Every structure is written in C-alpha cells, then in structure tokens.
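Below: one structure, written as structure tokens.
The values are calculated or read from the model by the stated rules, or taken from the named source; none is laboratory data. Owing to the predicted nature of the structure, the values given are computational and were not obtained by experimental measurement. Here the Cβ is made from the backbone with ideal geometry for all residues, glycine too, and neighbour counts use every protein chain on show.
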Amino acid sequence: MWIANGDDDRVTRIDAALGAVIGAPIRVGDQRWDLAIANGSVWVAHWGDGTVTRIDARSGRVRGRPITVGTSEPSIGIAVGDGAVWVARPAGDSVTRILP
C-alpha cells in the first residue's frame, strides 16, 4: 500500500498485513496530489510544480527525473490504462499522456 503524506512532499509504503511502514518515506515533487500504481511503478502527480514522479514499487527508489506535464500547471489526477499514464490538469482543461 502507498500513502501520499500530508504536507511534507513524501510518499510512504506500508505493509498492509502488518500495518507497518516499509523503509523511509520517499521524497517526491512539490505538493504531491494523487498517485496511481501499475506494472511495478508508483506514479505521483504534483500539484505544486506540474510534474509526475515515477517510483519503482519493488525497491522504493525514484526512477529518473520528474516528468514535466505542463508549464507549472497543477496536476490534479493520475491514472494508468491502455499502456500509458494519464495526468489531468485543470489549466486549459487538459490531459497529458505519458508513455512509460
């Protein structure tokens, strides 16, 4: 299980069976907003800087640099499907497709 932490720009992995935190919280982009999990990755959309962070679900390590999905436009939703990651942004009423 993955949790987007309150106001500290981190994501935490939790073992649901044990109710225990696994490893240290993972620092991600500015004002994480939403996350989606698929195909071994955790995708985190950031409200504050218009980016998406990809985390390897097995190792808990951030993969690559944050992906820009707008020019500092907030990202408010993220989903995975049809071979892509989809990020909704309110500015311009747009959706960005990321090909993993």
Those residues of region 20-58 which are assigned to a loop (DSSP other than H, G, I, E, B) and on the phi > 0 side of the Ramachandran plot amount to GLN31, ASN39, GLY40, GLY50
Of ARG89, ARG65, ARG58, the only residue that is surrounded by 14 or more Cβ atoms within 10 Å (Cβ to Cβ) and among the charged types (D, E, K, R) is ARG89
Subset of region 10-34, residues closer than 15 Å to ARG61 by Cα and either under 14 Å from the mean Cα position of the chain (by Cα) or modelled with pLDDT under 90 (or both), comes to ARG10, VAL11, THR12, ARG13, PRO25, ILE26, ARG27, VAL28, GLY29
Considering residues that are surrounded by 18 or more Cβ atoms within 10 Å (Cβ to Cβ), touching a Lys or Arg at 6+ places or on another chain (Cβ under 9 Å) and not β-branched (Val, Ile, Thr), the number found within region 5-40 is 2
Within region 85-100, restricting to residues that are hydrophobic (A, V, I, L, M, F, W, C) and under 14 Å from the mean Cα position of the chain (by Cα), the one that is nearest to ALA45 (Cα to Cα) is VAL87
Expected output for region 41-63 (first residue over 27 Å from ASP93 (Cα atoms), partner acidic (Asp, Glu) and modelled with pLDDT of 95 or more, Cβ below 6 Å, 6+ apart or cross-chain) is ARG63/ASP56
Note: among GLY70, GLY48, just one is surrounded by 14 or more Cβ atoms within 10 Å (Cβ to Cβ), within 16 Å of ASP9 (Cβ to Cβ) and at pLDDT below 85, namely GLY48
Exactly one of ALA91, ALA17 is part of a loop (DSSP other than H, G, I, E, B), in contact with a Gly (Cβ under 9 Å, 6 or more places away or on another chain) and at negative phi, and that residue is ALA91
The number of residues in region 1-26 that are in contact (Cβ under 8 Å) with a residue 24 or more places away in the chain and closer than 13 Å to ILE55 by Cα is 5
